[in-house]
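Report on one structure; see the data block that follows.
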Amino acid sequence: MRGLQLSLDKGQKLRFERAFEVLESLSSKANSDASVIVADDISVNNEDAILKGHGTAEMNDRLVATLCGVVERVNKLVYVRPLRARYKPEIGDIIIGRVIEVAPKRWKLEINFSQDAVLMLSSMNLPDGIQRRRTAVDELNMRSIFEENGVICAEVRGFQHDGCLHLQARSQKYGKLKRGQLLTIPPYLVKKRKQHFHHLDQYGIDLILGCNGFVWVGEHVDVRDDMVEDLSDKSEKQKVKSWNTLGDEEVEAYTPPDTRQNICRSANAVRVLSTLGFTITVEIITEIVELSKSMDLEVHEMLGAEFYVIVAENEAERRSLPTKRR
């Protein structure tokens, strides 16, 4: 919060500081017992057989913190969750990556991690949707599926002994992303939830919150399961599609102006939240988009200093509402 670089006038600066004072006071009250800094004692209430987890150490029969963060407890395990940390992949995470290399039988992706991820040709659905063994022809046509600098959504499959991260994209909801914007935010602002794919029907866009800090805002794409179709019918349809590929691509490449504006407005909402250090959720993004529309702001005006101050004030008011009810 203190490292924000915004050109505010004197009045905006006072309002901004007042809003963040309220936010800091609310967060300190909520996490007064859980927040720790380096060398702080962690109270374990004289429990036996405590498991010391990440960010903890035992000194002079006391459990102390070696990181700044929040104390978390899972049964007997006690560990410290850092407030700001780099992305650490876990199996099942929904991530977004950019293709940096097309290698034999695999694509290498940059996923905002210390190592590049690998998507094997055998770990994804082929364009025709038929389940079969991959052949040399499929390997030669890899660039027709994903090429360099392409954006892909996938799921973390597992790790190799050398630390290499393997992905899989065997569902219709995974695959290539196009006609949208890719945003990079701190990974700790994206909380892991049951649903990371969101369709904002009122705006006609799709929102994907990647656990690795990559956020995709793009035109809505209908996801249908091709496996329920009869394979023989599909092969006939595929032949027809192959003759009309160029015409279909020209039609699909057009995005209505209203949808483009909604994409840019939602992307700016994510930028505002990221700059202010607020957690990114689909509900808050929708609120900011509606706020900008109610104020009759242009898309570029959402990145102005006044709108940052208004969003901070609204967030302080929203978080203080539950305390008032109590």
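Assorted remarks:
- For the stretch 78-101, the set of residues classified as open to solvent by 60 Å² or more (accessible area, probe 1.4 Å) and aliphatic (A, V, I, L, M) consists of Leu83, Ile91, Ile100, listed by residue number.
- Hey, Val74 open to solvent by less than 70 Å² (accessible area, probe 1.4 Å), outside the structural domain of Gly163 (by TED's automatic domain parsing) and either among the hydroxyl-bearing types (Ser, Thr, Tyr) or free of Cβ contacts under 8 Å to residues at least 60 places away in the same chain (or both) or not: no
- Any hit, the stretch 260-276, residues being open to solvent by 30 Å² or more (accessible area, probe 1.4 Å), more than 15 Å from Val215 (Cβ to Cβ), part of a helix (DSSP H, G or I) and not charged (D, E, K, R): yes
- A single member of Gln160, Gln168 is assigned by TED's automatic domain parsing to the domain that holds Gly213 and over 30 Å from Thr279 (Cα atoms), and it is Gln160.
- Qualifying residue in the stretch 102-114 (condition: under 30 Å from Ile152 (Cβ atoms), under 21 Å from the mean Cα position of the chain (by Cα) and surrounded by fewer than 14 Cβ atoms within 10 Å (Cβ to Cβ)): yes
- Among the residues making up the stretch 206-228, a single one is modelled with pLDDT of 90 or more and farther than 17 Å from Arg271 by Cα: Glu219.
- Sole residue being in contact with a Leu (Cβ under 7 Å, 6 or more places away or on another chain) and of a type outside the set (Gly, Ala, Ser), chosen from Val289, Val270: Val270
The values are calculated or read from the model by the stated rules, or taken from the named source; none is laboratory data. The structure displayed is predicted, hence computed values, not measured ones. We place every Cβ from the backbone using ideal geometry, glycine too, and count neighbours over all the protein chains shown. These area figures cover heavy atoms from the full protein model, side chains too; ligands, DNA and RNA do not enter into them. Shrake-Rupley method; radii C 1.70, N 1.55, O 1.52, S 1.80 Å.
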